[in-house]
Amino acid sequence: MQFNVAQQLKSSIGSNRSYRIDEAIDLADGGKDGCFLQGGVNLLRTDRGILAMGNFETGVRLVCSRCLGLFHCPLRLTIEEEYFPSVDVVSDIPLPPPEEASAFTIDRNHILDLSEATRQYILLATPLKPLCRPDCAGLCSYCGHNLNQGHCGCRTLIPTTVSGKTGTGKESNNGTST
Ligand SMILES: [Zn+2]
Ligand SMILES: [Zn+2]
């Protein structure tokens with residue numbers, strides 16, 4: 001996810017380069033094992049630096065919020081971030097930091113590193129209440145069995161309580177009709 005943009009910083013505004021991305025990246029906190037990233041990135045020379053625009057497909061391993069099972073959650077990322085040079089590419093003189101504190105910078109060796117932006121976009125794209133599948137059946141509230149793996153047998157308990165309630169209702173109905 002690192003690109004040497006020294007040549008591009010010397011070229012005119014509007015010049016752009018495209019790269020294919022096909023690599024594993026490490027997520028410090030998000031995923032347990034590094035996730036794989038595929039897609040393309042376009043680097044555009046702007047008046048201030050380099051605008052990186054990327055489209056990636058990746059995925060993270062998440063715990064389902066309903067059944068607590070681990071699953072692979074595919075993610076689509078559309079990244080658009082401007083990177084500001086930290087030194088002048090011709091004179092090597094340090095440049096003032098960008099106005100926005102959160103802006104990304106190109107290091108003094110003219111390396112543009114997309115890893116941190118990608119990590120942030122992955123965190124943003126990760127659902128807060130992930131589901132292993134839209135119709136995840138969840139866990140049995142009686143025994144904790146994962147209902148995606150079939151019924152646990154507790155179901156027979158539920159109708160008993162329901163029929164008990166309707167039974168009392170019927171009794172009173174019968175009382176008024178006769
Ligand atoms: Zn689930
Ligand atoms: Zn059960």
Original post:
Across segment 100-127, what is the number of residues that are in contact (Cβ under 8 Å) with a residue 60 or more places away in the chain and aliphatic (A, V, I, L, M)?
Top reply: 7
Subject >> Those strands (runs of 3 or more DSSP E) lying entirely in segment 9-65 with at least 2 residues surrounded by fewer than 13 Cβ atoms within 10 Å (Cβ to Cβ), modelled with pLDDT of 95 or more and not acidic (Asp, Glu) >> reply: 16-25
Original post:
Are there any pairs, at least 6 apart or on different chains, whose C-beta atoms fall under 6 Å, with the first in segment 64-75 and aromatic (Phe, Trp, Tyr) and the second away from ligand 2 (no atom under 16 Å from the Cβ), and if so, which?
Top reply: 71/64; 71/132
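Count, please, the residues in segment 81-109 that happen to be in a strand (DSSP E or B) and surrounded by 12 or more Cβ atoms within 10 Å (Cβ to Cβ).
Restricting attention to segment 81-109, the residues satisfying the condition of being in a strand (DSSP E or B) are 81-85, 87, 94, 104-106.
Within this subset, residues satisfying the condition of being surrounded by 12 or more Cβ atoms within 10 Å (Cβ to Cβ) are 81-85, 87, 104-106.
Selection size over segment 81-109: 9.
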Original post:
If the Cβ limit is 8 Å and pairs must be 6+ apart or interchain, which residue in segment 129-141 that is more than 8 Å from residue 66 (Cα to Cα) and free of Cβ contacts under 8 Å to residues at least 60 places away in the same chain pairs with which residue that is assigned to a loop (DSSP other than H, G, I, E, B) and more than 10 Å from ligand 1 (Cβ to nearest atom)?
Top reply: 140/152
Original post:
Given 77, 68, 62, 112, which one is assigned by TED's automatic domain parsing to the domain that holds residue 20, among the hydrophobic types (A, V, I, L, M, F, W, C) and touching a helix residue (DSSP H, G or I) at 6+ places or on another chain (Cβ under 7 Å)?
Top reply: 77
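The values are calculated or read from the model by the stated rules, or taken from the named source; none is laboratory data. The model shown is predicted, which means the values in this text are computed figures rather than measured ones. A quick note on method: Cβ atoms are made from the backbone with ideal geometry, for glycine too, and the neighbour counts reach across all protein chains shown.
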